[in-house]
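Asks: Sharing a structure here in structure tokens format.
The values are calculated or read from the model by the stated rules, or taken from the named source; none is laboratory data. These numbers were taken from a predicted model, which means no experiment stands behind them. Every residue, glycine among them, receives a Cβ derived from its backbone with ideal geometry; neighbour counts consider all protein chains shown. What goes into the accessible areas is simple: the full protein's heavy atoms, side chains included, and nothing from ligands, DNA or RNA. Shrake-Rupley method; radii C 1.70, N 1.55, O 1.52, S 1.80 Å.
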Amino acid sequence: MNKIGLLLIVLLCINCKNEKAELSLAKYQQWHTIEIPFEGPETSESAEENPFLNYKLEVTFKHEETEYQIRGFYAADGNSAETSADAGNVWKVRFTPDKIGRWSYSAQLFYGDSIAIKSVAATKIDLSSAAGQFEVLPSNKTGKDFRAHGRLIADNGYFKFKDSDAYWLKGGADSPENLLAFEDFDATYRMQSSNDDGEAKTNDTIHSYAPHLEDWNEGDVTWQDGKGKGLVGALNYLASKNMNVAYFLTLNIKGDGKDVWPYVDPDDFTRFDVSKLAQWEIVFQHMQSKGILLHMVLQETENETMLDDGDTGPLRRLYFQELVARFGHHLGLNFNLGEENGYADFSPISQNDQQRKAMTDFLTEIDPYNHPILLHTHSHEPARGAVLDSIIGFKNLDGLSLQVDKREAAAEVVTTWKEKSVKAGHNWMITMDEIGLWHTGAQADEVTPNHDSLRGNVLWGTLLSGAAGVEWYFGAHNFYNDLNAEDWRTRDRLWELTDHALSFFQNYLPYWEMQPNKMLVNDPKAHCFMKEDEVYALYLPEGKLQTIDLSHSQVSYTVRWYNPLNGGDLQLGSVETLTGGAIQAIGNPPTEVKQLQDWVVLLQVKENK
């Protein structure tokens, strides 16, 4: 054989090997979580050398356009959700790639005294499969699934998908706040029942969500031979009502429920329950597939100084790091710094301004994905303002998880703090997450069938004032309350009404570009949300003949009506078009509804044909 022939054979062999190497690369999808296990040192949750403190797993993920540093975690035997194992030699990292194409990764495990939370002399520990490559393809998901859209971030006072121009509004459940106090999670129980006047009453029973077993579907996730069906079914039901957020505490030791914590022992804040957290992850993954935002509330007012006396010291840093390492990869997630954070008469032992800012800065520093960070407020002044006036404009706080005691004031409170934040140079996202009064909240449908005051004052009132979403709190003194609610169907009608509002905003409004202006409508109880010379959305509490001041505008608009009770298509009223330049009568609503009710009016600039 001549030299040219031999060279061709060599080149063909090299090409064949390259093709085989390409084919052997692991294939994943954009925005789908990748979980990579590594074999490292054998240890346990209770080992003398604490695996949560004295080891640190760091993994670098590289793409030609970007790079991420991701913290890993101890995973016992690697299958603890099924085995409940508390020992083993498996360490893991979870990562959600945002770019299509070739990625590489390299992992390093370090050992040192408290290395997880401070810089110390370290020993590098060998890991199996410590480096590799993989290929990321486009996502095959559609619909509500967050893997069809990407990661939510805070942008211009709203949720927005980072990799597109699409904005997103939330609506859903603020209760039960102890959602994770579920009997099918390992080592989950109530430490102490409550009879206090200022909170919901509890007994020794935690959640089973038995009414929602019927909502679990064949093929849905479970663990340990069928555990998890009640909670998974509940989330299926919530998604079936087109709700897209659920609020939950991850730490309520000393709080109202006293039944949720990530630790092996509620008296030891340095050791984490690996199997419990793996089971949480199964549920969180299911929530993401259903398009349900994880509203992760990190503490509550009774325990905000429990870790490090309120400082961001070793215990708080360890807690935050474990949550971010295990769950930060999720696309639809916002961190809430704490329920009712700060001083109030009923909660005098509290974090101060410096501690709040340090906590916010640290969470920003360790979160590689830039999830929105919100702060839950007290329900009224001066307690609310005393906390917020000192942190407004703070660059790393994305906004407020708002609590308001009097529903008639909800829209005004949203407007006040939106305006203050814009003036401070940092437009806050404000979500209407807990409506009062504290003992009442959102009652069951059988008590208030159409939730009239909630629908008008809170739902439409706050969204038309610039709120980024609404969640419903079930109150402390209702039969199905903020701690014992087992069946979300008790508010079935409330979810429908919320869906009607969200659908209107998503289908018809560039809401992220709009501003409230109640003064344009002659009814002081009405609301107006506008983008000048383009679109106006009006909420009329009683649907009566109203006027709108269009003196500032010189264009013509179509006039359409939307039924907040029934949703559906836009409808014609008695006036079909309006022209700017003067105060104009809006006309009467459609005649299909005879009784007096609220209506929403949409004015859209009339296109020239």
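Asks: Rank these residues by their accessible area, most exposed first, probe 1.4 Å: Leu400, Leu53.
Replies: These residues rank, largest area first, as Leu53, Leu400.
Asks: Can you list the GluC sites (Glu not before Pro) in region 25-130 that are in a DSSP coil and have 16 or fewer other beta carbons within 10 angstrom?
Replies: When the GluC sites (Glu not before Pro) of region 25-130 are filtered for loop state and at most 16 Cβ neighbours within 10 Å, Glu48, Glu49, Glu64, Glu65 remain.
Asks: How far apart, in nanometres, would the label points at Gln571 and Asp204 be if each is projected 7 angstrom from Cα along the Cα-to-Cβ direction?
Replies: Here the answer is 5.5 nm between the modelled labels.
Asks: In nm, to one decimal, how far is the modelled label at Ser114 from the one at Ser390, with both set 7 Å along Cα→Cβ?
Replies: 2.6 nm
Asks: What is the dipole size for region 225-314, taken about its Cα centre, with +1 at each Lys and Arg Cβ and -1 at each Asp and Glu Cβ, in debye to the nearest 20?
Replies: With only Lys, Arg, Asp and Glu charged at Cβ, the dipole is about 780 debye.
Asks: If you line up the long axis of helix 353-366 against the longest principal axis of the chain, both from Cα atoms, how many degrees apart are they, to the nearest 10?
Replies: 60 degrees
Asks: List the pair-distance distribution P(r) of the chain, using every Cα-Cα distance, as the percent of pairs falling in each 20 Å bin from 0 up to the bin containing the longest distance, rounded to whole percents.
Replies: With a bin width of 20 Å, the distribution comes to 19, 50, 25, 6, 1.
Asks: Step through the table entries Lys276/Lys357; Lys229/Lys258; Lys92/Lys170; Lys99/Lys290; Lys141/Lys170, compare each Cα-Cα distance with 27 Å, and write down the pairs that go over it.
Replies: Those over the limit are Lys276/Lys357; Lys92/Lys170.
Asks: Using a 1.4 angstrom probe and counting only protein chains, how large is the accessible area of Arg491 in Å², to 10?
Replies: Here the accessible area works out near 0 Å².
Asks: Tilt of helix 410-423 relative to the longest C-alpha principal axis of the chain, in degrees (0 to 90, nearest 10)?
Replies: Once rounded, one gets 60 degrees.
Asks: Right, next: Kirkwood Rh over Cα pairs of region 218-281 into Stokes-Einstein at 25 °C, 0.890 mPa s: D in µm²/s?
Replies: 178 µm²/s
Asks: To the nearest 500 deg cm²/dmol, what mean residue ellipticity at 222 nm is calculated for the chain from DSSP H runs of n ≥ 4 alone, each contributing -39,500 (n - 2.57), summed and divided by the residues?
Replies: -6000 deg cm²/dmol
Asks: Can you check what the net charge comes to around Gly580, using other residues whose Cβ is under 12 Å from the Cβ of Gly580 (Lys, Arg +1; Asp, Glu -1)?
Replies: So the surrounding residues net to -3.
Asks: Rounded to the nearest 0.05, what FRET efficiency do Phe479 and Asp452 have when you use their Cβ-Cβ distance and R0 = 22 Å? Show your work: numbers first, answer last.
Replies: Values: r = 20 Å, r/R0 = 0.92.
The value I calculate is 0.60.
Asks: Ordered by residue, what ³J(HN,Hα) values in Hz, to whole numbers, does region 224-240 give under the Karplus form 6.51 cos²θ - 1.76 cosθ + 1.60, where θ = phi - 60° and Gly and Pro are x?
Replies: 6, 6, x, 5, x, 4, x, 6, 4, x, 4, 5, 4, 4, 4, 5, 5
Asks: Report, to the nearest whole %, how much of the accessible area of region 307-429 belongs to carbon and sulfur atoms, 1.4 Å probe, protein only.
Replies: Carbon-and-sulfur percentage of accessible area, whole number: 51.
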